[in-house]
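Here's the structure we're looking at; comments come further down.
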Amino acid sequence: MTLFAFYGTFTSTQPGHRNLTGARLVERTRTAARYRLYFVDGMWPALIPDDDGVAIECEVYEADEHLLRRLAEIEPPGWSRGPLELADGRAVEAFIADPALAAPGEDVSLHGGWPSFREWLAATRRRRLPDELRTERLLLRQWRDDDAEPLAEIYTQPEYLEHMPPRTLEETRDQIERFRRLWAEEGFAQWAAEELETERLIGRIGLLRHHDWPLEPSPVEVGWTLHRDWWGRGLATEGGRACVDVWRNELVDDPRLLSITIPDNVRSAAVMQRLGLTQRGTAFWHGLDVVWYALDR
Ligand SMILES: CC(C)(COP(=O)(O)OP(=O)(O)OC[C@H]1O[C@@H](n2cnc3c(N)ncnc32)[C@H](O)[C@@H]1OP(=O)(O)O)[C@@H](O)C(=O)NCCC(=O)NCCS
């Protein structure tokens with residue numbers, strides 16, 4: 001067993017923590033005041049030794065070599081195993097970043113640790129988006145109680161269920177409540193999508209901020225679901241394009257817009273591609289192997 005310190009997305013409050021399954025938390029502590037913490041590529045926490053350093057929050061684990069080798073494989077290039085000095089002078093190991101990453105990175109040491117920096121980042125990126133958006137054929141609007149039944153009807157359609165999990169009427173009501181809460185707390189969530197011509201609820205389209213995405217801190221995702229009878233008319237693309245514009249013009253501190261799906265949901269991936277998102281990678285998220293697309297600012 002090796003005593004290994006983690007300071008980033010693998011720590012106990014962070015979305016990458018499941019990667020440490022099998023390791024035992026020994027203590028929560030700080031490094032010696034000989035490091036600085038950088039935010040690299042809008043994604044990665046990088047601990048870099050520095051004579052003018054500060055103490056950075058970390059967690060020390062007992063981990064076996066098998067786990068540490070596996071983690072070394074998923075670390076991005078530029079991070080490698082090396083000695084780390086704790087606040088009380090003891091030496092453990094950690095993934096230390098190459099000092100060359102300081103230049104392109106942003107020095108976030110004043111936050112004292114990755115979890116505090118992440119909270120600050122999510123708060124600074126928070127924006128209130130418009131309650132309503134109009135496109136040529138759609139009204140994207142706030143949720144009403146009487147949206148639950150038409151939305152739940154979509155969730156029973158075989159075409160929907162081919163790639164998506166079922167949801168009862170009660171669960172659909174909970175989802176609408178969640179969207180309303182997110183509108184209040186985060187400043188946005190998916191909108192209810194109404195067809196202008198018929199004034200009918202035909203689905204949901206919009207943006208969600210995911211604080212539990214394992215690969216980068218709290219990104220924004222664009223997503224869509226439509227009633228089967230409204231597929232094939234370019235409506236998801238039309239609503240999605242309005243969302244891309246809102247991200248571009250209003251969520252100005254979010255460098256990237258994601259869209260996430262499962263690999264065989266080709267219709268959803270086709271919408272992503274029509275909007276200019278490109279496939280970037282895979283992840284394990286909410287118990288599923290997913291593929292993610294992105295558009296950079
Ligand atoms: C994902 C989903 C919203 C995509 O619906 P869609 O109808 O394929 O997508 P669009 O509304 O952009 O329509 C595109 C289709 O309309 C056609 N079209 C017609 N007019 C168009 C226009 N003005 N612009 C773009 N496409 C147009 C396209 O050629 C395409 O046709 P196709 O059916 O031959 O592929 C829908 O499949 C769905 O609700 N699925 C279930 C829920 C789901 O999986 N959500 C995503 C979770 S990640």
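Looking at this structure, is Gly206 outside any strand (DSSP E or B), modelled with pLDDT of 95 or more and of a type in the set (Gly, Ala, Ser)? Taking the combined requirement at face value, the residue does not satisfy it.
When Trp224 is tested against the conditions (1) within 9 Å of the ligand (Cβ to nearest atom); (2) outside any strand (DSSP E or B), the lone failure is (2). Scanning the range 7-47 for residues that are within 25 Å of Ala103 (Cα to Cα), assigned to a strand (DSSP E or B) and either acidic (Asp, Glu) or within 20 Å of the chain's Cα centre (by Cα) (or both) yields Tyr38, Phe39, Val40, Trp44, Pro45, Ala46.
Scanning the range 83-106 for residues that are closer than 15 Å to Tyr7 by Cα and surrounded by 13 or more Cβ atoms within 10 Å (Cβ to Cβ) yields Leu84, Glu85, Leu86, Ala87, Val92, Glu93, Ala94, Phe95, Ile96, Ala97. Closer than 25 Å to Arg280 by Cα and touching a Phe, Trp or Tyr at 6+ places or on another chain (Cβ under 8 Å): which single residue out of Ala97, Ala5 fits that description? So the residue among Ala97, Ala5 that is closer than 25 Å to Arg280 by Cα and touching a Phe, Trp or Tyr at 6+ places or on another chain (Cβ under 8 Å) is Ala97.
Quick check on my filter: what residues within the range 254-268 are in contact (Cβ under 8 Å) with a residue 60 or more places away in the chain, under 15 Å from Asp41 (Cα atoms) and touching a helix residue (DSSP H, G or I) at 6+ places or on another chain (Cβ under 7 Å)? The answer is Asp254, and nothing else.
One residue alone among Arg248, Arg241 is away from the ligand (no atom under 13 Å from the Cβ), in contact (Cβ under 8 Å) with a residue 40 or more places away in the chain and in contact with a Lys or Arg (Cβ under 9 Å, 6 or more places away or on another chain), and that residue is Arg248.
If I filter the range 118-133 down to residues being outside any loop (DSSP other than H, G, I, E, B) and in contact (Cβ under 8 Å) with a residue 60 or more places away in the chain, which single residue comes out as farthest from Ala193 (Cα to Cα)?
Arg118
Annotation note: Cβ proximity below 8 Å between a residue of the range 218-234 that is touching a residue at least 12 places away in the same chain (Cβ under 8 Å) and within 27 Å of Arg297 (Cα to Cα) and a residue that is within 6 Å of the ligand (Cβ to nearest atom) and assigned to a loop (DSSP other than H, G, I, E, B) (sequence gap 6+ or interchain) occurs for Thr225/Met164. If the condition is being within 19 Å of the chain's Cα centre (by Cα), within 14 Å of the ligand (Cβ to nearest atom) and not in a loop (DSSP other than H, G, I, E, B), then the range 258-281 contributes Leu258, Ser259, Ile260, Thr261, Ser268, Ala269, Met272, Gln279. Which one is nearest to the ligand (Cβ to nearest atom), of the residues in the range 200-221 that are under 12 Å from Leu151 (Cβ atoms) and either touching a Ser or Thr at 6+ places or on another chain (Cβ under 6 Å) or outside the structural domain of Leu151 (by TED's automatic domain parsing) (or both)? If we take residues in the range 200-221 being under 12 Å from Leu151 (Cβ atoms) and either touching a Ser or Thr at 6+ places or on another chain (Cβ under 6 Å) or outside the structural domain of Leu151 (by TED's automatic domain parsing) (or both), then Gly203 is nearest to the ligand (Cβ to nearest atom).
Within the set Trp224, Trp191, the sole residue that is within 17 Å of the chain's Cα centre (by Cα), in the same structural domain as Ile154 (by TED's automatic domain parsing) and surrounded by 15 or more Cβ atoms within 10 Å (Cβ to Cβ) turns out to be Trp224.
Of the candidates Glu170, Glu136, the single residue that is part of a helix (DSSP H, G or I) and among the charged types (D, E, K, R) is Glu170.
When Arg181 is tested against (1) without any contact (Cβ under 8 Å) to a residue 24 or more places away in the chain; (2) within 13 Å of the ligand (Cβ to nearest atom); (3) under 19 Å from the mean Cα position of the chain (by Cα), exactly one condition is not met: (2).
Evaluated against (1) of a type in the set (Asp, Glu); (2) in contact with a helix residue (DSSP H, G or I) (Cβ under 9 Å, 6 or more places away or on another chain); (3) within 16 Å of the ligand (Cβ to nearest atom), Glu197 falls short on exactly one condition, (2).
The values are calculated or read from the model by the stated rules, or taken from the named source; none is laboratory data. Computed from a predicted structure; not experimentally measured. So basically every Cβ, Gly included, is an ideal-geometry build from the backbone, and we count neighbours across all protein chains shown.
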